[in-house]
Structure formats: structure tokens, C-alpha cells
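Participant: Here's a structure for you.
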Amino acid sequence: MTLALLPYQVEGAEFLAAKQRACLFDDMGIGKTAQAIGALDRIGAKKVLIICPAAVREVWLGEMKKFSATPRKALKGRDIQDLNLFLRNRVQVLIISYEMAVTWAKRIEDAHDIVDAIIFDEAHYLKNFDSRRTRALLGSDLNNDDWKNRYGLARWGARVWFLTATPNPNDAADIWSLLRFCRATPLGRKIFRDRYYTARAGMHSSQHTPRPHMVDELKQAIRSCSLRRTKATVGLQLPPIWLTNVTVDGDTREIIDLLRQHDGLERAIVEAIEKGGLSFIDAQHIATLRRLVGEAKAPAYLEMLKEEFDDGRGKTVIFGLHVAALRRISDGLSRHGVRCVELTGSSSERERIEAVRAFQDDPDCRAFVGNIKAAGTGLTLTAGADVDMFESAWAPADNAQALMRVHRIGQVRNVQARFITLANSIDVVVNDVVERKTRNIAMVGTFTPVGG
């Protein structure tokens, strides 16, 4: 049985269907996937390519079954044989990851086969014009006047739609690539930035701020190709979500030693998070610092959690970064008699599906322990109303995405979200900055700090 779209979702589907190139920037949890599927039905699309994060492919398969009123054979792409089936019209819908799309872009172009619609889900993956991914999918000469005639997988879509709740996750000027491809601006990247933004150089990047007198013109360009609604504007009344910080103790000696070895590191990290210049975080000493913080606070957090479960704590979602620390938590809970499931980057598709099913449907499963990258998108975890960000991502938008696994359609209780902070460490400053920015990015007006 096909599920009917809500009235605001019908509006979104009709908006996309009316445009060859368009962006749907609706808030997280409003149902962008369902709206895109509704738009496919409205244009009678018979051949569709969906490009999304690898972990979300299974979600698209399920949503196609629920919301598509038009029978289409959909396939989750795994290897080149699946692509060949699609190119030979043996399947109507192929759902592939961004990595697959980049690898197969030339093969698709060589087929010279026009696709009825190409959908880019989590389209902020294309924000960096200089990246190999963006050039392969949107075209290598997007910045030049003759970019319309250059190669790029997306040019083979009769319709191209971009879906994301965070078109500019770290910098206000990140939206340029999508506007340019949708022909909402004739300006190259440098001219676009110079016209609409002022740039403030930081230690690791520039941060762009809209020029006040150009805001109306910029908004007009964005609105010409996009639709953006919040939960409040569509009348979607979810319970509130409350954010707070909880501090736990731990041995910080190794952390202090590392910071002493790298003078200025703490200041650089905080400035980078504030300004969005996060490209430097793969440096070895940064990775070491994050691991040390996670290991230092895991024992105290685990003991706190055990006591809370003993006192009747409800189903809880725990997000983190490092598998070793997360496993210590899940193993400790299991030994304590608290049944939990775990989802990391090494989990298979079947394990991913089973973990979500157990948490959602099994009353005895009381905790979901997940890596932010693996579990922060494409899941529904509304059986729980408590979320602990044991370790948070540097990028606030990633944290907001993770929180939306719980605070979304289907949630009927107030959501309590905690950032777990290691006392007397850099974690205190970092989590304060990240929590504040997360609250600003996700669900403005519905996130409330405790006591606020």
C-alpha cells in the first residue's frame, strides 16, 4: 500500500516536478526523500539514478516501496554488473553511493543515455568545487562561462534535483556549486563570493559573511531554484529537544602532555570549529588528541550510564567517533545486563538493518551505540528519547544530523540530548562551542538548553 504524502510534502513534490534543476533544502526530518519520490511519480520518470551516501541506499529502497505510486524495479548498486543492468534498462531505479558515482561517471557518460531524473541526496557532499567528486558529477568547468558544455555525470539527467538540509554546512558561500549548476547565478565562484560576501581569514580557512546590502539579491537567487521549509513553517509539531552538557571525570595527564608538545593546538582547534575551517583535523596529533579524550572519559561515563539504567533510564542512543571507546561502552553495558546494539563503519548492511530493527521494536533492547559517520544519517531511532553525544563531530551539522535520528517524525516524547564532556580538558571548550553551533544549525527555535 502506497503511503500518501502530507499536504506540505505534496507542495514539495510539485515544486521539484515543475523544475529541471532544483534544490530541496527542507529541514531534517520533514521528508525530503518522500517528496522526491512523489515528484518522480508526477513527471512519470521511468529511468532514475539516485546518488546518496552508501549507508542511505537501503533507506531509499524502503522509501521507494512506501511512497512510489508507480511500479518501478529499484536496485541498490553494489558492483559494475548492477550498473550494466541499469544501462540496459533491466532496472528502472539505480541507487548508488557518491564513491560509485565518481568511479562510474565516465561509463555512464559514454553510454550517452539520458536519464529521466538524477537525484543527489545529502547534496552538501558537492559543496567543494575543487573536489574530484564535484568535478566528476557536476562538471570540471563549472566555474567557466562555457561550463554547460563540459563533462559531468549530471548533464545526462533530464531533471536534476539536489536534496540537503545543510547546503552550506561550514561556510555561507558553500552554496555556490548548487546554485551554479541550477543556473540560479551566472557568476563564477570568485565573482559570486566577492559580490555577496566579505571574507575573514582564519588560521586554517576563510569564513564568508553575507554583505548586508546584498542579502535580498542573494536570497532571490537561492529562492529561484530552491524550496526551504522548517518543521515550524509546515506545521509539523514535534516535541521539543533539550540540549545540555554533562561533565564526567577522567585521567587527563596524557592529554595535557600532548597539548604541551604542540603549542597553540588548543587555540587552533577552537578557532577552526568557530569558523568552519576543519580541513586540518586529519593531522596525526589531532587524531591522537580525540582518541585520548574518548578513552579518558569512557570509564566514568560507563559507570554513570549503568547507574542510570539501574534507575529506570529509557532507551538511549549513544553517538561517538572511536570504535574502541564505543565498544568499551557497549561491552560494559552488556556485562551489566543492559541489552544494546552497535553500529560502526565495519557493520554490514544486514547488521545495520537488524540493529535498527532491534532498537525500534524490541522492548528489551535498551541502548543503541553508533559511530556518527555510520549511524548519523539515514536511520530512524524514535524508540528512544534520550541521546548522548559521547564524542561529537567537529562539524556541528554532523551532530545535528545525528540528533535528527531521534528527533523526527514518529517521535512523541520530549528528547533529552547531552554532550558528554571530560572535566578539566580541551573537551570542555570544544563541546561548548560545538553544542552552541549545533543548536543554531539544527531546528532553530525548537532546541532548548536546560534552564533556558
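The values are calculated or read from the model by the stated rules, or taken from the named source; none is laboratory data. Predicted, not measured: the structure shown is a model, and the values here were computed from it. Every residue, glycine among them, receives a Cβ derived from its backbone with ideal geometry; neighbour counts consider all protein chains shown.
Residues checked against (1) modelled with pLDDT of 90 or more; (2) of a type outside the set (D, E, K, R); (3) at positive phi:
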| residue | (1), (2), (3) |
| --- | --- |
| Glu307 | yes, no, no |
| Ala325 | yes, yes, no |
| Val356 | yes, yes, no |
| Asp361 | yes, no, no |
| Lys373 | no, no, no |
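Participant: Restricting to the range 99-114, what's the tally of residues that are under 26 Å from the mean Cα position of the chain (by Cα) and buried (at least 16 other Cβ atoms within 10 Å of the Cβ)?
Facilitator: Summing the residues that are under 26 Å from the mean Cα position of the chain (by Cα) and buried (at least 16 other Cβ atoms within 10 Å of the Cβ) in the range 99-114 gives 5.
Participant: A further question on this structure: Within the range 363-378, which residues are farther than 27 Å from Val293 by Cα and either touching a helix residue (DSSP H, G or I) at 6+ places or on another chain (Cβ under 6 Å) or β-branched (Val, Ile, Thr) (or both)?
Facilitator: Matches in the range 363-378: Cys365, Gly378.
Participant: If the Cβ limit is 6 Å and pairs must be 6+ apart or interchain, which residue in the range 291-319 that is within 14 Å of Thr247 (Cβ to Cβ) pairs with which residue that is charged (D, E, K, R) and modelled with pLDDT under 95?
Facilitator: Going by the 6 Å Cβ cut-off, the qualifying pairs are Val293/Asp427; Ala296/Asp251; Ala300/Asp249.
Participant: Still on this structure, please answer the following. How many residues does the range 205-244 hold that are under 22 Å from the mean Cα position of the chain (by Cα) and assigned to a strand (DSSP E or B)?
Facilitator: Final tally of qualifying residues: 8.
Participant: Could we say that Gly235 is at positive phi, without any contact (Cβ under 8 Å) to a residue 60 or more places away in the chain and either assigned by TED's automatic domain parsing to the domain that holds Asn168 or exposed (fewer than 14 other Cβ atoms within 10 Å of the Cβ) (or both) here?
Facilitator: Spelling it out, it is not the case that Gly235 is at positive phi, without any contact (Cβ under 8 Å) to a residue 60 or more places away in the chain and either assigned by TED's automatic domain parsing to the domain that holds Asn168 or exposed (fewer than 14 other Cβ atoms within 10 Å of the Cβ) (or both).
Participant: A further question follows. Would you check if Ala325 is out of contact with any Lys or Arg (no Cβ under 6 Å at 6 or more places or on another chain), among the small types (Gly, Ala, Ser) and in a helix (DSSP H, G or I)?
Facilitator: Taking the combined requirement at face value, the residue satisfies it.
Participant: Determine the pairs where a residue that is within 16 Å of Leu138 (Cβ to Cβ), located within the range 82-108, has a partner that is charged (D, E, K, R) with Cβ atoms under 7 Å apart, the partner being 6 or more residues away or on another chain.
Facilitator: These pairs meet every condition: Tyr98/Arg133; Val102/Arg132; Val102/Arg133.
Participant: Further, regarding this structure: Here's a check for you: in the range 245-256, which residue that is in contact with a helix residue (DSSP H, G or I) (Cβ under 7 Å, 6 or more places away or on another chain) and outside any loop (DSSP other than H, G, I, E, B) is nearest to Glu303 (Cα to Cα)? Explain how you work it out, then say what you get.
Facilitator: Of all residues in the range 245-256, those in contact with a helix residue (DSSP H, G or I) (Cβ under 7 Å, 6 or more places away or on another chain) come to 245, 248-252, 254-255.
Now restrict to residues that are outside any loop (DSSP other than H, G, I, E, B): 245, 248, 254-255.
Details: Asn245: 17, Val248: 10, Glu254: 22, Ile255: 21 Å.
Applying the filter and picking the extreme gives Val248.
Participant: Another question about this same structure. Report every pair of residues separated by at least 6 positions or lying on different chains whose Cβ atoms are under 9 Å apart, first residue within the range 173-187 and farther than 13 Å from Lys127 by Cα and free of Cβ contacts under 8 Å to residues at least 24 places away in the same chain, second of a type in the set (Ser, Thr, Tyr) and in a helix (DSSP H, G or I).
Facilitator: Listed pairs, sorted by first residue: Leu187/Tyr196.
Participant: Right, something else. Within the range 67-79, how many residues turn out to be over 12 Å from Val48 (Cβ atoms) and surrounded by 13 or more Cβ atoms within 10 Å (Cβ to Cβ)?
Facilitator: 5
Participant: I'd like the full set of residues that are basic (Lys, Arg), over 18 Å from Asn371 (Cα atoms) and either touching a Lys or Arg at 6+ places or on another chain (Cβ under 7 Å) or part of a helix (DSSP H, G or I) (or both), limited to the range 285-322.
Facilitator: Matches in the range 285-322: Lys306 only.
Participant: Can I ask one more? Applying the selection to the range 386-399, what residues are modelled with pLDDT of 85 or more and assigned to a helix (DSSP H, G or I)?
Facilitator: Asn399 - this is the single residue of the range 386-399 that is modelled with pLDDT of 85 or more and assigned to a helix (DSSP H, G or I).
Participant: Please go through (1) in contact (Cβ under 8 Å) with a residue 60 or more places away in the chain; (2) touching a strand residue (DSSP E or B) at 6+ places or on another chain (Cβ under 9 Å); (3) within 13 Å of Phe319 (Cα to Cα); (4) assigned to a helix (DSSP H, G or I) for Ile420 and return the number of the only condition it doesn't satisfy.
Facilitator: Tallying (1) in contact (Cβ under 8 Å) with a residue 60 or more places away in the chain; (2) touching a strand residue (DSSP E or B) at 6+ places or on another chain (Cβ under 9 Å); (3) within 13 Å of Phe319 (Cα to Cα); (4) assigned to a helix (DSSP H, G or I), Ile420 fails exactly one: (4).
Participant: Still on this structure, please answer the following. Could you check the range 112-127 and list, in sequence order, the residues that are within 15 Å of Val48 (Cβ to Cβ) and modelled with pLDDT under 90?
Facilitator: Asp113, Ile114 - these are the residues of the range 112-127 that are within 15 Å of Val48 (Cβ to Cβ) and modelled with pLDDT under 90.
Participant: Select from the range 204-218 the residues that are modelled with pLDDT of 85 or more and either under 12 Å from Phe192 (Cα atoms) or not charged (D, E, K, R) (or both) and list them in ascending order.
Facilitator: Arg211, Pro212, His213, Met214, Val215, Glu217, Leu218
Participant: Of Ala397, Ala374, which residue is touching a residue at least 60 places away in the same chain (Cβ under 8 Å), under 16 Å from Arg352 (Cα atoms) and in the same structural domain as Arg328 (by TED's automatic domain parsing)?
Facilitator: So the residue among Ala397, Ala374 that is touching a residue at least 60 places away in the same chain (Cβ under 8 Å), under 16 Å from Arg352 (Cα atoms) and in the same structural domain as Arg328 (by TED's automatic domain parsing) is Ala374.
Participant: Another question, then. Name the pairs: first residue in the range 346-362 and in the same structural domain as Thr380 (by TED's automatic domain parsing), second residue among the acidic types (Asp, Glu) and modelled with pLDDT of 90 or more, Cβ to Cβ under 8 Å, at least 6 apart or on different chains?
Facilitator: Ala355/Glu342
Participant: Just wondering, is there one or more residues in the range 35-42 that are modelled with pLDDT of 95 or more, touching a helix residue (DSSP H, G or I) at 6+ places or on another chain (Cβ under 9 Å) and acidic (Asp, Glu)? Steps first, answer last, please.
Facilitator: So in the range 35-42, the residues modelled with pLDDT of 95 or more come out as 35-42.
Checking which are touching a helix residue (DSSP H, G or I) at 6+ places or on another chain (Cβ under 9 Å) leaves us with 35-42.
Still in the list and also acidic (Asp, Glu): 41.
Yes, some residue in the range 35-42 is modelled with pLDDT of 95 or more, touching a helix residue (DSSP H, G or I) at 6+ places or on another chain (Cβ under 9 Å) and acidic (Asp, Glu).
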